[in-house]
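The values are calculated or read from the model by the stated rules, or taken from the named source; none is laboratory data. Since this is a predicted model, take the numbers as computed values, not measurements. Positions of Cβ are backbone-derived with ideal geometry, glycine not excepted, and every protein chain shown enters the neighbour counts.
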Amino acid sequence: MANKRSKEEETNTKNKKSVKKKKSAMREALKFVAGTSACVGAGALLGAAHYFYMFSMKPVRHDKSRDKDPSERPYVRGRRWMNEHPEREDWYAMTEDGLHIHANFIPSPAPEGEHRYAICVHGYSDTSESVGQYAQHYRDHYGMHVLLPDLRGHGKSEGTYVGYGYHDRLDIILWIDKILERDPEAAIILHGISMGAATVMMTTGEKLPSNVKACVEDAGYDTAIGEFIEVYNNLEQKPPVPAEVIMPLLRAVSLVEAGYDLKKAAPIEAVQRSVTPTLFIHGEADSFIPCRMMKNLFEAASCQKMSMLMPGAEHVMSVCVDPERYWAKVDTFLGTVAPALTVCKD
């Protein structure tokens, strides 16, 4: 009976904390709404904000029809490489807020004693398989172990919303810790594309173990809000409500629905705190996340840094447009900031 009461008390305490947290989120949401509802009907505005929330923050599956595009062939080969690799392992972890998250691990082809790891992080509306080509390079060229996480709400990871790097940064730290449990001598590089790039940048803004040696961000945004405004203003149908009105309301909806303020998903603030050497890569023809955001990030970064703009490359296509130049820049970067990572297998 005592054990039963103890469990009931624990459950009640958790429920009270959950209700308190939700009420706090509601209060913050109302503050945001108050600033805009005086001018336009609050109900209509909230409806528009909720629609945009569903459009931009609910996880969606990878559109396989894109794989038929010839420009996507390197990505398709990478997906196949990860999914069909005979040594692929499923790793799982539990987040602080109770989600089961998943990653794919493929060990190094090198003999026992290899201590180099690459964590490759995918972007929005995709899964870990989309960074297969990056992981394949780190494994086959450098002989590294590779870990490919599914961000929360994507792939085999639980979650009902897109984190845009905010909660995901803590999940990447979980994976770093899991690697260090396996191998305390691990030397780790983080490599992310698009939202994954934002995630690894935000990860470097946290206090990380010295085992994390370098970071490569490819086509990341400087702030989630800034990227939302970019997408919102470029919707096919011109929105009836200006971005400066809808964004505070979207923040309000995300506070209630996802439990976090989108304004905090700000890689530009993280790189100002970061001490992790970082390579910034962006396609000059990127029409989704404009390359000016990379320039903003590079200028703000306080860490050791390098950058590369890829001529003619659309969003996350730099590695496809000129893979030799892409990986040569990565080689140069790693050779400068962490030479021990650049020992090549081939």
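Restricting the stretch 167-178 to residues that are in contact (Cβ under 8 Å) with a residue 60 or more places away in the chain and out of contact with any Ser or Thr (no Cβ under 9 Å at 6 or more places or on another chain), which is farthest from Cys215 (Cα to Cα)?
Lys178
Pairs needed: first member in the stretch 296-323, within 20 Å of Thr336 (Cβ to Cβ); second member anywhere, of a type in the set (D, E, K, R) and in a helix (DSSP H, G or I); C-beta distance under 6 Å; at least 6 residues apart or different chains.
Pairs found: Met308/Lys329.
Quick one: is Pro277 assigned by TED's automatic domain parsing to the domain that holds Leu45 and either over 17 Å from Phe55 (Cα atoms) or out of contact with any helix residue (DSSP H, G or I) (no Cβ under 6 Å at 6 or more places or on another chain) (or both)?
Here the answer is no, as Pro277 does not meet what is asked.
Which of the residues that make up the stretch 75-127 are crowded, with 16+ Cβ neighbours inside 10 Å, without any contact (Cβ under 8 Å) to a residue 24 or more places away in the chain and in a loop (DSSP other than H, G, I, E, B)?
The one that is crowded, with 16+ Cβ neighbours inside 10 Å, without any contact (Cβ under 8 Å) to a residue 24 or more places away in the chain and in a loop (DSSP other than H, G, I, E, B): His85.
May I ask you to verify whether Glu158 is farther than 27 Å from Lys263 by Cβ and acidic (Asp, Glu)?
So Glu158 does not fit the description; no.
Of the residues in the stretch 299-315, how many are buried (at least 19 other Cβ atoms within 10 Å of the Cβ) and under 15 Å from Met201 (Cβ atoms)?
The qualifying residues number 2.
Looking at (1) surrounded by fewer than 22 Cβ atoms within 10 Å (Cβ to Cβ); (2) over 20 Å from the mean Cα position of the chain (by Cα); (3) free of Cβ contacts under 8 Å to residues at least 40 places away in the same chain, which is the one condition that is false for Ile229?
Answer for Ile229: the failing condition is (2).
Would you mind stating whether Glu217 is surrounded by fewer than 22 Cβ atoms within 10 Å (Cβ to Cβ), assigned by TED's automatic domain parsing to the domain that holds Asp97 and not basic (Lys, Arg)?
Spelling it out, it is not the case that Glu217 is surrounded by fewer than 22 Cβ atoms within 10 Å (Cβ to Cβ), assigned by TED's automatic domain parsing to the domain that holds Asp97 and not basic (Lys, Arg).
Ala197 is checked against (1) closer than 26 Å to Ala300 by Cβ; (2) over 8 Å from the mean Cα position of the chain (by Cα) and fails just one. What number does that condition carry?
Every condition holds for Ala197 apart from (2).
Could you list, ordered by first residue, the pairs with Cβ atoms under 6 Å in which the first is in the stretch 242-261 and closer than 16 Å to Asp97 by Cβ and the second is hydroxyl-bearing (Ser, Thr, Tyr), at least 6 apart or interchain?
Sorted first by the residue in the stretch 242-261, then by its partner, the pairs are Ala258/Tyr161; Tyr260/Tyr166.
Pick out, from the stretch 139-244, the helices (runs of 4 or more DSSP H) lying fully within it that include 2 or more residues that are among the charged types (D, E, K, R) and closer than 22 Å to Ala340 by Cβ.
Ranges flagged: 168-182.
What's the number of the condition Arg325 fails, among (1) crowded, with 16+ Cβ neighbours inside 10 Å; (2) in the same structural domain as Tyr117 (by TED's automatic domain parsing)?
Against the list (1) crowded, with 16+ Cβ neighbours inside 10 Å; (2) in the same structural domain as Tyr117 (by TED's automatic domain parsing), Arg325 comes up short only on (1).
If I filter the stretch 276-286 for residues that are surrounded by fewer than 17 Cβ atoms within 10 Å (Cβ to Cβ) and in contact with a Cys (Cβ under 8 Å, 6 or more places away or on another chain), do I get at least one hit?
yes
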